[in-house]
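Take a look at the structure set out below.
The values are calculated or read from the model by the stated rules, or taken from the named source; none is laboratory data. Note that the coordinates shown come from a computational prediction; the quantities given were computed from them, not determined experimentally. Please note: Cβ atoms are built from the backbone with ideal geometry, for glycine as well, and neighbour counts cover all protein chains shown.
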Amino acid sequence: MSYTLPLDEMTTVEKLRVMEGIWEDLCRNAEAVPSPAWHASVLSEREARVRNGEEQIDDWEDAKKRIRQSLK
């Protein structure tokens, strides 16, 4: 199955809406999306850095706000 979108004719907003729609659909069936093999080791490394105080985890909503502010 192959789909072609008229990307050259689409606005950035239209492209983002398509991407968001695809992402929402994938999230509804997250168990069907396999995690890549390297993902577990990256998560383990990050968890270790957090435990050791080398890194901290930011709240996603706060991070999005900071990113949006930096783009203004």
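Quick check on this structure: which one of 40, 32 is surrounded by 10 or more Cβ atoms within 10 Å (Cβ to Cβ), out of contact with any Phe, Trp or Tyr (no Cβ under 7 Å at 6 or more places or on another chain) and modelled with pLDDT under 95?
One residue alone meets the criteria, 40.
Check whether at least one residue in the stretch 46-55 is of a type in the set (A, V, I, L, M, F, W, C) and in contact with a helix residue (DSSP H, G or I) (Cβ under 9 Å, 6 or more places away or on another chain), and report yes or no. Walk me through it before giving the result.
Step one: filter the stretch 46-55 for residues of a type in the set (A, V, I, L, M, F, W, C), giving 48, 50.
Among the residues that remain, those that are also in contact with a helix residue (DSSP H, G or I) (Cβ under 9 Å, 6 or more places away or on another chain) are: none.
Within the stretch 46-55, none of the residues are of a type in the set (A, V, I, L, M, F, W, C) and in contact with a helix residue (DSSP H, G or I) (Cβ under 9 Å, 6 or more places away or on another chain).
For the stretch 45-65, what are the residues that are exposed (fewer than 10 other Cβ atoms within 10 Å of the Cβ) and part of a helix (DSSP H, G or I)?
Within the stretch 45-65, 51, 60, 61, 62 meet the criteria.
Can you spot a residue in the stretch 40-56 that is under 14 Å from the mean Cα position of the chain (by Cα) and without any contact (Cβ under 8 Å) to a residue 12 or more places away in the chain?
No, because not a single residue in the stretch 40-56 is under 14 Å from the mean Cα position of the chain (by Cα) and without any contact (Cβ under 8 Å) to a residue 12 or more places away in the chain.
Does the stretch 4-20 hold any residues that are free of Cβ contacts under 8 Å to residues at least 12 places away in the same chain, surrounded by 10 or more Cβ atoms within 10 Å (Cβ to Cβ) and either touching a Phe, Trp or Tyr at 6+ places or on another chain (Cβ under 8 Å) or part of a helix (DSSP H, G or I) (or both), and which are they?
14, 15, 16, 17, 19, 20
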